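The values are calculated or read from the model by the stated rules, or taken from the named source; none is laboratory data. Remember, it's a predicted structure, so these values are computed and weren't measured experimentally. Reconstructed Cβ throughout: ideal geometry from the backbone, glycine too, with neighbour counts over all protein chains shown.
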Amino acid sequence: MPHEILRVAMDVPIAPILLLPFILVFFVIVFPIWGVSLIVLGIVLGILKGLNAALVAAGAHGLEPVVKGVQRALRWVLTFGGFTDRYRFGPPPEEPVTHRGNSP
């Protein structure tokens, strides 16, 4: 009888039991927060693009840097903090800073 219990206990896979807490944390906490952040940034980007189009039609150019920043933030969130692009493309190139307005 004790040998049968020991034999059954040795047939239980250990790796899935040890990984279960990590799997639960990822799918219950991390993945939903990531999805909500994508939705929120997408909505904010859509609103800003609409406002930017209205301002460009009116002759002003005030929201291009903001739209670019939100696009970069959305791309960052979409690629898990740049993790997926880091190994595919190498380090990101430096973007030149441009100012619009009254500066020469």
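Overview of results
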| quantity | calculated |
| --- | --- |
| Selection count, the stretch 27-64, where residues are over 17 Å from residue 81 (Cβ atoms) and hydrophobic (A, V, I, L, M, F, W, C) | 17 |
| Selection from the stretch 61-81 of residues that are among the small types (Gly, Ala, Ser), surrounded by fewer than 14 Cβ atoms within 10 Å (Cβ to Cβ) and either modelled with pLDDT of 90 or more or within 20 Å of the chain's Cα centre (by Cα) (or both) | 69, 81 |
| Matching residues in the stretch 1-21 - criterion: being at pLDDT 85 or above and surrounded by fewer than 10 Cβ atoms within 10 Å (Cβ to Cβ) | 18, 21 |
| Of all residues in the stretch 84-100 being surrounded by 10 or more Cβ atoms within 10 Å (Cβ to Cβ) and of a type outside the set (D, E, K, R), the one that is modelled with the highest pLDDT | 84 |
| Search result, residues across the stretch 41-78 that are of a type in the set (D, E, K, R) and either within 26 Å of residue 31 (Cβ to Cβ) or not in a helix (DSSP H, G or I) (or both) | 72, 75 |
| Single residue of the stretch 40-60 satisfying the filter (surrounded by fewer than 10 Cβ atoms within 10 Å (Cβ to Cβ) and either among the aliphatic types (A, V, I, L, M) or at pLDDT 90 or above (or both)) that is nearest to residue 72 (Cα to Cα) | 57 |
